[in-house]
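Everything on this sheet refers to the single structure shown next.
The values are calculated or read from the model by the stated rules, or taken from the named source; none is laboratory data. The structure presented is a predicted model; accordingly, all values stated were derived computationally and were not measured. FYI the Cβ positions are ideal-geometry reconstructions off the backbone, even for glycines, and counts take in every protein chain you see.
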């Protein structure tokens, strides 16, 4: 994990992980509330505002929490695009 | 505050955002009683008032200032005809100057006259989505309501809609509660499954979650489902 807490995942085409996730979230039309609920259901511990701040690049998030957030995003996007093949969102920024 | 208290507080904030201010059924009844009481005061000449909310075509809640209004409303739903149903379904103001000369609702009209109703005014309430309704005032004398009263009740209805838009029906509350329970249940399952993996495979918490994600991707099912499968062998045990 990068010392600033923004890294922690596999490289994402030169994009920081948080930026890739935020892009995917916005492009997929996933609301912050929806994403946070899924993240919470997957044992995420950060508060809604902390998650939002991380996605905006304003606050670091522990790497383990980033993993959970990435999976939450993946499952939210999967619900909307059930026909898409499963790939980790941090390696495949949503178009 | 403990960590779980914080979690609960976060949840309630998110739920308010998702589904508006969640009010109990009792609060909805109080809000409707307030509206009917004020409507009787606001429109001169009215002897009673009532509100009905219809969710997806079905009346969900009614409030009436007195027994006459309550009975007249109930009859409309039993007979599936009447001025308030027309106001609700056609989203227009319905005015009856004299029930003695009314022909639009042949089944409802004689019963309403027997209750002592002579004229009435009903305005639609379009709250949001499928939730709509009507606000009505009744009078025991004919021709008590004119254009001025129509405008007055219309303006009053606009205010009532603002109030009612923040009140949720019982069904919506139940949907939100179900989602809340599912979220917490899922968190429990994933948490327990992580613990099983940590103990069984001597993994750290992050590695345990990564193992769940890996299995989820290989099997093309959500992490919650993987967690459930991991826990299945334990669920039937008595101790």
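In region B:197-206, the count of residues that are surrounded by fewer than 16 Cβ atoms within 10 Å (Cβ to Cβ), within 31 Å of the chain's Cα centre (by Cα) and within 14 Å of another protein chain (Cβ to nearest Cβ) is zero. For region A:47-65, filtering for residues that are more than 9 Å from chain B (Cβ to nearest Cβ), part of a loop (DSSP other than H, G, I, E, B) and over 17 Å from residue B:213 (Cβ atoms) leaves 5.
If the condition is being in contact with a helix residue (DSSP H, G or I) (Cβ under 8 Å, 6 or more places away or on another chain) and either under 18 Å from residue B:54 (Cα atoms) or part of a strand (DSSP E or B) (or both), then region B:108-130 contributes B:119, B:120, B:121, B:122, B:123, B:124, B:125, B:126, B:127, B:128.
Quick grid of which residues meet (1) touching a strand residue (DSSP E or B) at 6+ places or on another chain (Cβ under 6 Å); (2) without any contact (Cβ under 8 Å) to a residue 24 or more places away in the chain; (3) over 22 Å from residue B:41 (Cβ atoms); (4) outside the structural domain of residue B:75 (by TED's automatic domain parsing):
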{"residue": "B:103", "(1), (2), (3), (4)": "no, yes, yes, no"}
{"residue": "B:107", "(1), (2), (3), (4)": "no, no, yes, no"}
{"residue": "B:111", "(1), (2), (3), (4)": "no, no, yes, no"}
{"residue": "B:122", "(1), (2), (3), (4)": "yes, no, no, no"}
{"residue": "B:132", "(1), (2), (3), (4)": "yes, no, yes, no"}
{"residue": "B:139", "(1), (2), (3), (4)": "yes, no, no, no"}
{"residue": "B:142", "(1), (2), (3), (4)": "yes, no, no, no"}
{"residue": "B:152", "(1), (2), (3), (4)": "no, no, no, no"}
{"residue": "B:183", "(1), (2), (3), (4)": "no, no, yes, yes"}
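Residue B:28 meets the stated requirement of being closer than 28 Å to residue B:138 by Cβ and modelled with pLDDT of 65 or more.
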